[in-house]
Amino acid sequence: MTGVLAVAGGTASGKSTLAEALSLECPDTVALIHLDDYYVPAHDPLRGVWTVSASGHSILDWNHPGSIDETAVTDAIDAALLRPGVLLVVVEGLFALTLPSVVRRAAWRVYVDTPDDIRLARKILRKIEAQRQDPLLSLRNYLQTGRDRHAAHVAPSRAAADLVVDGTASEAEMLAAVMPLIGPALAPAAPPRAPGVCAATRTPGVPALAL
């Protein structure tokens, strides 16, 4: 039976890296859903939660769960669960352990925990590299709303996780930490290391905390 893995964490914590690594490890049996793809339209001021950015413009609040189209997320998960060959649906995003529709469907819940200073540094570097954004704007937005939104809507969801993974670990270490949790779902009737089956072993010393 197909199961759902919810992967949450703060901005730039490493949750997308982990989710994509799982998808690449088992491309034929894992369906990946990014909550970032399901924000309400930014041109529709009647939907979502809006805020004023550090630049003084009214913008959709990307750091608030109320800006996610939860109905669209639900439809995407349910469709993925019915896809032939799919054994695991991975839902990753800031609010993967916050949105009720995701939490209700999740058989396993993972939180990627990364110190705030590292997350902020990663985000600023990403904004500079991908968008050429002035780091001053990123810092002001973080101080104005980003920090408080994380504390209110993301950080508390850590308590709902079955497993907390160290977001400063390598991709391989994070992947190895999660595989024992979801391994049985990926190989429900197969012997260990059978052809085409993802290995479900844990590397000694992986920095993960089982809750």
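The values are calculated or read from the model by the stated rules, or taken from the named source; none is laboratory data. Since the model is a prediction, treat every value here as computed from it, not as a measurement. All Cβ positions, glycine included, derive from the backbone under ideal geometry; neighbour counts span all protein chains shown. Ligands, DNA and RNA are excluded from the accessible area calculation, which covers all protein heavy atoms including side chains. Shrake-Rupley method; radii C 1.70, N 1.55, O 1.52, S 1.80 Å.
Which net charge results for the neighbourhood of Ile128, defined as the other residues with beta-carbon distances under 14 angstrom from its beta-carbon, given Lys and Arg at +1 and Asp and Glu at -1? Around Ile128, the surrounding residues sum to +3. Over the stretch 36-157, what is the mean sequence separation of C-alpha contacts under 8 Å (at least six apart), divided by residue count, expressed as relative contact order in percent? In percent, rounded to a whole number, it is 25.
Rounded to the nearest whole Hz, the Karplus-based 3J(HN,Hα) values (6.51 cos²θ - 1.76 cosθ + 1.60, θ = phi - 60°) of the stretch 71-87 follow the sequence 5, 5, 5, 4, 4, 5, 5, 5, 5, 5, 5, 9, 6, x, x, 7, 9, with x at glycine and proline. Across the chain, the mean sequence separation of Cα contacts (distance under 8 Å, 6 or more residues apart), normalised by length, yields a relative contact order of 29 percent. With respect to the chain, whose longest principal axis is taken over its alpha-carbon atoms, helix 171-186 is tilted by about 60°.
Normalised per residue, the accessible area of the chain is 50 Å², obtained with a 1.4 Å probe and no contribution from ligands, DNA or RNA. Take every DSSP beta bridge whose two residues both sit in the stretch 1-151; close to 20 percent of them are antiparallel. For the stretch 81-191, the fraction of 1.4 Å probe accessible surface lying on carbon and sulfur atoms is 56 percent. In the chain the Cα-Cα distances spread across 5 Å bins starting at 0 as 1, 7, 15, 19, 19, 16, 11, 7, 4, 1, 0, 0 percent of all pairs. With contributions of -39500 (n - 2.57) from each DSSP H run of at least four residues, the per-residue ellipticity at 222 nm computed over the chain stands at -10000 deg cm²/dmol. Sorting the segments 59-66, 46-53, 174-181 by their residues' average number of neighbouring beta-carbon atoms within 10 angstrom, most packed first, yields 174-181, 59-66, 46-53. Taken along its three principal axes, the alpha carbon spread of the stretch 1-106 comes to 47, 25, 20 Å, from the longest extent down to the shortest.
Multiplying each eigenvalue of the alpha-carbon gyration tensor of the stretch 86-195 by 5 and taking the square root yields semi-axes of 32, 17, 12 Å, largest first, rounded to whole angstroms. Using a Gaussian network model of the chain in which every pair of alpha carbons under 10 angstrom is joined by a spring, one finds that among Asp44, Asp166, Asp148 the greatest mean-square fluctuation is at Asp44.
Each peptide in 110-123, 5-18 receives the mean, over its residues, of other Cβ atoms within 10 Å, and ordering these scores from highest gives 5-18, 110-123.
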